[in-house]
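Undergrad: Dumping the structure here so I can ask a few things about it.
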Amino acid sequence: MTISDQPPVYRSYLLRFWEERGEQPARRVWRCSLDDPETGSRHGFANLTALTDWLNTELDKPAAGRASITEMMP
């Protein structure tokens, strides 16, 4: 079976953002986390760059063990 014969892979994450303020009022940083409801794992990130780097790496991985879009639909 070729990859074009396989159904697309589906990934879902819960994305959270929160603000952390430093000692100076103008100094604030946005933190974020992703929860994977399929595995129950949580990934924390210090900034948006770290989040997008992780997502790029994660989406490049083989889809073994991940649900296909057809398995997720009723």
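Undergrad: Can you name the residue in region 21-38 that is at pLDDT below 90 and of a type outside the set (A, V, I, L, M, F, W, C) and is also surrounded by the most Cβ atoms within 10 Å (Cβ to Cβ) among such residues?
TA: GLU38
Undergrad: Can you go through ALA63, ALA67, ALA50 and tell me which one is among the small types (Gly, Ala, Ser) and either at pLDDT 75 or above or touching a Pro at 6+ places or on another chain (Cβ under 8 Å) (or both)?
TA: Values: ALA63 fails: either at pLDDT 75 or above or touching a Pro at 6+ places or on another chain (Cβ under 8 Å) (or both); ALA67 fails: either at pLDDT 75 or above or touching a Pro at 6+ places or on another chain (Cβ under 8 Å) (or both).
Exactly one of ALA63, ALA67, ALA50 is among the small types (Gly, Ala, Ser) and either at pLDDT 75 or above or touching a Pro at 6+ places or on another chain (Cβ under 8 Å) (or both), namely ALA50.
Undergrad: Quick one: in region 1-43, of everything that is over 10 Å from the mean Cα position of the chain (by Cα) and acidic (Asp, Glu), which residue is nearest to LEU55 (Cα to Cα)? Spell out the reasoning first.
TA: Within region 1-43, the subset over 10 Å from the mean Cα position of the chain (by Cα) is 1-10, 16-32, 37-41.
Adding the requirement that they be acidic (Asp, Glu) leaves 5, 19-20, 23, 38.
Numbers: ASP5: 25, GLU19: 21, GLU20: 22, GLU23: 31, GLU38: 16 Å.
The selected residue is GLU38.
Undergrad: Answer yes or no as to whether ARG11 is surrounded by 10 or more Cβ atoms within 10 Å (Cβ to Cβ), modelled with pLDDT under 75 and part of a loop (DSSP other than H, G, I, E, B).
TA: On the way: surrounded by 10 or more Cβ atoms within 10 Å (Cβ to Cβ): yes; modelled with pLDDT under 75: no; part of a loop (DSSP other than H, G, I, E, B): yes.
Spelling it out, it is not the case that ARG11 is surrounded by 10 or more Cβ atoms within 10 Å (Cβ to Cβ), modelled with pLDDT under 75 and part of a loop (DSSP other than H, G, I, E, B).
Undergrad: Mind checking which residues of region 21-41 are farther than 28 Å from GLN6 by Cα and part of a strand (DSSP E or B)?
TA: ARG21, ARG28, VAL29, TRP30, ARG31, CYS32, SER33
Undergrad: Identify all residues within region 24-53 that are out of contact with any Gly (no Cβ under 8 Å at 6 or more places or on another chain), in contact (Cβ under 8 Å) with a residue 12 or more places away in the chain and of a type in the set (Gly, Ala, Ser); write none if there are none. Spell out how you get there, then give the answer.
TA: Step one: filter region 24-53 for residues out of contact with any Gly (no Cβ under 8 Å at 6 or more places or on another chain), giving 24-27, 30, 34-53.
Those still in the list that are in contact (Cβ under 8 Å) with a residue 12 or more places away in the chain too: 30, 34-38, 44-48, 51.
Listed by number, the residues that qualify are GLY44, ALA46.
The values are calculated or read from the model by the stated rules, or taken from the named source; none is laboratory data. All figures in this text were calculated on a predicted structure; none of them were measured in a lab. A quick note on method: Cβ atoms are made from the backbone with ideal geometry, for glycine too, and the neighbour counts reach across all protein chains shown.
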